[in-house]
Amino acid sequence: MKIDRLIGILAVLLKQDRVTAPELAERFEVSKRTINRDIEALCRAGIPIMTTQGSGGGIRIMDGYRVDRTLLTSKDMQMILAGLRSLDSVSGNCYYAQLMEKLMPGSSNFVSGRDYILIDLSSWYKDSLAPKLELIQEAITRKRLVSFMYYSPRGERRRTIEPYYLVFRWSSWYLWGWCSLRQDFRLFKLNRMEQVEITEGVFEGREVPYPELSDEKIFPGGIKIEALFQKDMKWRLVEEFGMGCFTEQPDGRLLFHGDYTDKDNAVSWLLTFGDKVEVLKPVEIRREIEGIATNMHKLYL
């Protein structure tokens, strides 16, 4: 994209004393004519760029405008690279790593030592997720409406929205946008979106509130679970809810208290523990699990 190229050209000029248009054209894989237009755009933006002709000539930034790249320490670069690599892990390509090299040519030599932070945002749904992310990014950039089938506990329905933010939260990707059906901003989980497409509709944009990303918003409570877990299930409770979710009982069992989003999800989660849990409250969930256990017993008689 042009903005990435402009930033990259500026980074090169800040690092090197001078560079030629053919060298920039080769680095950014565009024509010399395109580079000349980019230089004009940077000049219009107020960057004091000088060009000289002939032997020893080239493109450079006027003295006094340079920024020493050592302002970015090795630790700074490690953090930037870790973030960019994490985006590559879900995008399915190496675009962000290539962008980093454009922004800081020779950055691989600048970063000393081994990487100590590795972030992988990919998932079991990587093959289907990456195309959705790329399509939604394009729609946000072009200000085009997005249409998709959305599957929720209340059923499935086609939605058309104005897309504004892609959000990664709680191991999942979400889209924050204005829903034409609800006439309000909504958060949509990408794994529940199918048949995603960019429509011909264009939106002008509106005052966009920052997405509400609190746990209460994404995972609203309402169902208070009280259950006794066997002590060998402590690792799962710690992993999924943290140490504060239970208290150890005199017999070694773990008394769990927690909120859950809806009844079906709560029942499904509790069933994954098999006979390692006894549900105490709410009574309706205890009875439902009892009924499921009875039916399962009949199947295996």
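List of remarks:
- Condition broken by LEU135, with the remaining ones in (1) touching a residue at least 60 places away in the same chain (Cβ under 8 Å); (2) buried (at least 19 other Cβ atoms within 10 Å of the Cβ); (3) of a type in the set (A, V, I, L, M); (4) farther than 24 Å from ASN265 by Cα satisfied: (2)
So that you can scan it fast, the table gives a plain yes or no per residue for (1) modelled with pLDDT of 85 or more; (2) under 30 Å from GLU239 (Cα atoms):
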position	(1), (2)
VAL146	yes, no
THR160	yes, no
TRP178	yes, no
ARG186	yes, yes
VAL196	yes, no
PRO211	no, yes
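- Count - residues of segment 247-268 that are of a type in the set (Gly, Ala, Ser) and under 20 Å from ARG154 (Cβ atoms): 2
- All positions within segment 1-24 that are part of a helix (DSSP H, G or I), more than 25 Å from THR141 (Cα to Cα) and not basic (Lys, Arg): VAL12, LEU13, LEU14, ALA21, PRO22, GLU23, LEU24
- Within segment 237-253, the set of residues being of a type outside the set (Gly, Ala, Ser) and farther than 18 Å from ILE285 by Cβ comprises VAL238, GLU239, MET243, THR247, GLU248, GLN249, PRO250, ASP251, ARG253.
The values are calculated or read from the model by the stated rules, or taken from the named source; none is laboratory data. All figures in this text were calculated on a predicted structure; none of them were measured in a lab. Methodologically, a virtual Cβ is constructed for each residue, glycine included, from the backbone with ideal geometry; neighbour enumeration extends over all protein chains shown.
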